[in-house]
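Trainee: Input: one structure, supplied below.
Values in this text are rule-based calculations from the coordinates and carry no lab data. Because the structure is predicted, anything quoted here is derived from the model rather than measured. Cβ placement follows ideal geometry from the backbone for every residue including glycine, while neighbour counts extend to all protein chains displayed.
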Amino acid sequence: MQIPNGLDGQGAERHGRDKPLLSVSGVSHYYGDRIGCRNVSFTLYPGEVLAIVGESGSGKTTLLNCISTRMEPTTGEVTYRFRDGSVKNLYRMGEAERRFLMRTDWGFVHQNPADGLRMTVSAGANVGERLMAVGERHYGRIRETATDWLTKVEIAADRIDDQPRAFSGGMRQRLQIARNLVTHPRLVFMDEPTGGLDVSVQARMLDLLRGLVADLGLAVIIVTHDLAVARLLSHRMMVMKDGEVIETGLTDQLLDDPQAAYTQLLVSSILQV
Amino acid sequence: MVPLIVSEATKSFTMHMRGGMEIPVVAKVGFHVGKGECAVLGGPSGIGKSSILKMIYGNYLADSGQILVQHHGETVDIVTAEPRKIIEIRRESIGYVSQFLRVLPRVSALDVVAEPLTSNGTEQAQAYERASVLLERLNLPERLWSLPPATFSGGEQQRVNIARGFVTDHPVLLLDEPTASLDAANRKVVIDLINEKKATGAALLGIFHDQDVREAVADRVIDVSRFAVQKAA
Amino acid sequence: MTLQDTGLAAYNFAYLDEQTKRMIRRAILKAIAIPGYQVPFASREMPMPYGWGTGGVQVTASIIGPEDVLKVIDQGSDDTTNAVSIRKFFEKTAGVETTTRTGEATVIQTRHRIPEAPLKEGQVLVYQVPIPEPLRFLEPRETETRKMHALEEYGLMHVKLYEDIARNGHIATTYAYPVKVEGRYVMDPSPTPKFDNPKMDNCAALQLFGAGREKRIYAIPPYTSVVSLDFEDHPFEVNRFEQPCALCGAEGVYLDEMILDDKGGRMFCCSDTDFCEERRGEAESVSASNGEIV
């Protein structure tokens, strides 16, 4: 028992970052009569990593979409604290502002890298797009930043002009991460970021993510069905079943001393290798 | 202020997968650990000593009672604290040395040891400096420092773990058999480290099965069998 | 001979019925009001295939009046098939006067060029546009590109230029080079060479763009700012030609390459045939008058 290196929080209080970044209150989403997720509330602070775990169909992706403005919740509120300290309800903001937020202060890492990358433009342009979107107009600087980020995600700098089509699954996923982090977002959503990768590639990916999250002090909401991923990356966990939150708590406490029957079942289902 | 007070803390496990079977562990645990003191949890194995440490660290959730920790002049009850608060307390106020190192791929031994310092804002260079001093005292060959501990022997991993636990200046330090797989020379180093911690005013609470180590560091022994619950038959 | 002369009232003036023209004029007015914005319109079937300028023809048909003088060019030339047939189309259906002289025309319909002679106030330049959406090749979803225009999200346009530089060391886009109109909408100037982009900026004439297959009309009102997109360290540059026109000697104009024989013989001459002919005509009259003096 020990919490993972590098993730012992990011000095939330120390840097005066003691106010919630994202507040979710009473969020529900219904697909007709069917429940996507029901009455979910939680607060996320700067630098915190929250794992939402559960089996497929438990509503975790619906919840992720509801809080990342990709899908409007049927009821409930999501508020976000901007860099200037103002707090806004995401669903009362204009679309322009919401989309701007998504490509500057936020990131979204998809399970399938093809959903988050432009497959027909070079790796450099994939990383540089967000910079150009916020007005960077110096080719040399864009390229320098892109090279820097490729190195950070362990992609050789000489692959900068190759298209992601020529990359392996693991490289594509690392590229997607670089593309998201280049604008130094404060909050990154991840949907099964290691889902389609084989085990050794997954380990490298997790290690890379762990390092980046700690170095950059990112707040992360990560959806995963893999409890090992949750243990390695997250501070806190939220267990979902049938659209509802079953249990929340400190990651290591929840895994080592699960309280709810369902969490115990989930934890006992981890394969011991 | 007393750095650590445990009052009427009770812990049991409910095994939902076995029809909700209740397994009591400890009940009404009460003790305190003062500044500059090393208290040792005593009693036969299986009596709940590790569980008490884990409750204090927030790894196990106590059913009832209070676990009061001094955190930057504020008294926090671990039993009811928010996860976020517990993470902060672990970073700054309660250290923990477990029996086993949770190894991560690709992170060097030196980084493993220095990390608790860098995560609370210490300069990288200074963190490495302090980490190096400890690894050297614990006789970990310098050629290993830059390697990930995954391939180390049990004793080497344990020393990395001890260095990681001792590198910070947490006012409360929990030790779960830190000397279990060490040779006599390194056990001596750990005894010295514990005594130095005590001298700085830290409150230490440990489990030591090794008689020699226990006698060398313990100011008093807390007999855990007092809190043991009649196990379900 | 016009149709009116035959007594067969088979065509309405300029082919389109009045309701259609009114609809198109409304679209044009809206386009002028929002420079660079693509206004959808109910494009009609025209008696020519898509890709032959149906958009430009509908715009021209909606704005032309009996007093107008029409010039039609295709790649700068007045006498290629497309130019000739569109010119004849309006001669026949509207009975308007046509010309090849840029200076004399009030309406100039063009495919892929802007005349070399500066345009004047009161003139209208009508572009034939195949694909009006500059973001199309990077973002195929029309719903998304419209949103991007609405929200002024134009980072993607620079992604294209970035790719150009990464691949070729410079911005290799030479035609349909994207521009920003009046500091707001990014617009495809139709497949004109980027050489012509500076002529669009602060132009005295009204510029209208019609895309028939894509059913879009957009406009640049007179004296509107049109800026070609670029990077600070890779600024927009027009293509330069190393030699003057082989026929009229003009410099700083857009040249076409003419293959003269199958032995590699070639010649560079003005793409704007009217401009070239006028210059040569002036040169001849000068030498003729000189001849008289001598």
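Trainee: Roughly how crowded by other chains is peptide A:229-236, in terms of the mean Cβ count from those chains within 10 Å of each of its Cβ atoms?
Mentor: 2
Trainee: List the residues, sorted by chain then number, that are 5 or more residues from A:Val188 or on another chain and whose placed amide H is less than 5 Å from its amide H.
Mentor: Residues meeting the amide H criterion: A:Gly107, A:Ala219, A:Val220, A:Ile221.
Trainee: Taking the Cα centre of segment A:85-242 as origin and charging only Cβ (+1 Lys, Arg; -1 Asp, Glu), how large is the dipole, in debye to the nearest 20?
Mentor: Dipole of segment A:85-242, to the nearest 20 debye: 380 debye.
Trainee: How much of the DSSP bridge set in segment C:13-228 is antiparallel, in percent, rounded to the nearest 5?
Mentor: Rounded to the nearest five, the antiparallel share is 50 percent.
Trainee: Could you give the size of the charge dipole of segment A:164-220 about its Cα centre, using +1 on the Cβ of each K and R and -1 on the Cβ of each D and E, expressed in debye and rounded to the nearest 20?
Mentor: Dipole of segment A:164-220, to the nearest 20 debye: 220 debye.
Trainee: What number do you get for segment C:1-148 when its Cα radius of gyration is normalised by 2.2 N^0.38 Å, N = residues?
Mentor: The reported ratio for this selection is 1.09.
Trainee: Assuming R0 = 41 Å, what is the FRET efficiency of B:His72 and A:Arg70, from their Cβ-Cβ distance, to the nearest 0.05?
Mentor: So, using R0 = 41 Å, E works out to roughly 0.55.
Trainee: Okay, moving on. Return the single residue from B:Ile191, B:Ile94, B:Ile67 with maximal mean-square fluctuation; model: Gaussian network over chain B, springs between Cα atoms under 10 Å.
Mentor: Highest fluctuation of the listed residues: B:Ile191.
Trainee: Now for a separate question. Enter the mean number of other protein chain beta carbons within 10 Å of the beta carbon of each residue in B:52-58, as an integer.
Mentor: Mean shielding count: 3.
Trainee: Still on this structure, I have one more. Provide a whole-number value for the mean count of partner chain Cβ atoms within 10 Å of the Cβ atoms in peptide B:74-86.
Mentor: So the per-residue partner count for this stretch is 3.
Trainee: At most 16 other C-beta atoms within 10 Å and a DSSP loop state: those are the exposed GluC sites (Glu not before Pro) I care about. Give me the longest piece of chain C that has none.
Mentor: C:183-231
Trainee: Determine, at each q value in 0.13 (inverse angstroms), the log₁₀ of I(q)/I(0) that the Debye formula gives when each Cα of chain B is one equal point scatterer.
Mentor: Calculated log10 I(q)/I(0) at the listed q: -0.79.
Trainee: Another question, then. On each of the three principal axes of the Cα atoms of segment C:240-294, give max minus min coordinate, whole Å, ordered largest first.
Mentor: The Cα atoms of segment C:240-294 stretch 42, 24, 19 Å along their principal axes.
Trainee: If you don't mind, there's one more thing I want to ask. Using Cα pairs closer than 8 Å and at least 6 residues apart in sequence, work out the relative contact order for chain A, in percent.
Mentor: Reported as a whole number, the value is 26 percent.
Trainee: If the cut-off is 17 Å between C-alpha atoms, which lysines fall inside it for A:Lys60, apart from same-chain ones fewer than 8 positions away?
Mentor: A:Lys241
Trainee: Also: Can you sort C:Asp233, B:Asp63 by how many other beta carbons sit within 10 Å, fewest first?
Mentor: With the sparsest Cβ surroundings first, the list reads C:Asp233, B:Asp63.
Trainee: Taking 23 Å as the cut-off for C-alpha to C-alpha distance, list the pairs among A:Lys19/B:Lys85; C:Lys147/C:Lys180; B:Lys11/B:Lys188; C:Lys92/C:Lys199 that go past it.
Mentor: B:Lys11/B:Lys188; C:Lys92/C:Lys199
Trainee: Just in segment A:108-182: which chymotrypsin sites (Phe, Trp or Tyr not before Pro) are loop by DSSP and have at most 12 other Cβ atoms within 10 Å?
Mentor: Answer in residue order: no site qualifies.
Trainee: Report the antiparallel proportion of the DSSP beta bridges in the protein assembly as shown as a percent, rounded to a multiple of 5.
Mentor: About 55 percent, rounded to the nearest 5.
Trainee: Out of B:Pro149, B:Ser225, B:His16, whose Cα points farthest toward the positive end of the dipole of chain B (charges: +1 Lys, Arg; -1 Asp, Glu; placed on Cβ)?
Mentor: Working it through, the farthest residue towards the positive pole turns out to be B:His16.
Trainee: Hey, in the GNM for chain B with a 10 angstrom Cα cutoff, which one of B:Leu104, B:Leu173, B:Leu182 fluctuates hardest?
Mentor: B:Leu104
Trainee: Moving on. Are there trypsin sites (Lys or Arg not before Pro) in segment A:72-156 that DSSP puts in a loop and that have at most 11 other Cβ atoms within 10 Å, and which ones?
Mentor: A:Arg83
Trainee: What is the Cα centroid distance between segment A:212-245 and segment C:204-268, reported in whole angstrom?
Mentor: When both Cα centres are located, 56 Å separates them.
Trainee: Could you work out the local net charge near B:His209, counting Lys and Arg as +1, Asp and Glu as -1, over the other residues with Cβ closer than 11 Å to its Cβ?
Mentor: Result for the neighbourhood of B:His209: -2.
Trainee: Got the relative contact order for segment C:240-294 handy, in percent, Cα pairs under 8 Å and 6 or more residues apart?
Mentor: Relative contact order here is 29 percent.
Trainee: Could you list A:Arg70, A:Arg34, A:Arg186, B:Arg137 so that the one with the fewest beta carbons within 10 Å of its beta carbon is first and the one with the most is last?
Mentor: A:Arg34, A:Arg70, B:Arg137, A:Arg186
Trainee: So, one more: By counting other Cβ atoms within 10 Å of each Cβ, how are A:His235, B:His72 ranked from fewest to most?
Mentor: Ranking A:His235, B:His72 by Cβ neighbours within 10 Å, fewest first, gives B:His72, A:His235.
Trainee: Between segment A:18-80 and segment C:39-82, how many Å separate their Cα centres?
Mentor: Answer, in whole Å: 54.
Trainee: Amide H neighbours of C:Ser228 under 5 Å, counting only residues 5+ apart in sequence or on other chains, H built in-plane at 1.01 Å?
Mentor: C:Lys180
Trainee: Amide H of A:Ile246: which non-local residues (sequence gap of 5 or more, or other chain) have their own amide H closer than 5 Å, using H built in the peptide plane?
Mentor: Correct list: A:Val239, A:Met240, A:Lys241.
Trainee: Taking only Cα atoms and a 10 Å spring cutoff, compute GNM fluctuations for chain A and point out the largest among A:Ile35, A:Ile67, A:Ile222.
Mentor: In the Gaussian network model the winner is A:Ile35.
Trainee: Could you work out the relative contact order of chain C? I mean the mean sequence separation of Cα pairs under 8 Å and 6+ apart, divided by the number of residues, in percent.
Mentor: Taking the mean separation of contacting Cα pairs over the length of chain C, I get 20 percent.
Trainee: Name the residue from A:Gly211, B:Gln66, B:Asn186 whose Cα lies farthest towards the positive end of the charge dipole of the protein assembly as shown, charges +1 on Cβ of Lys and Arg and -1 on Cβ of Asp and Glu.
Mentor: The listed residue farthest towards the positive side: B:Gln66.
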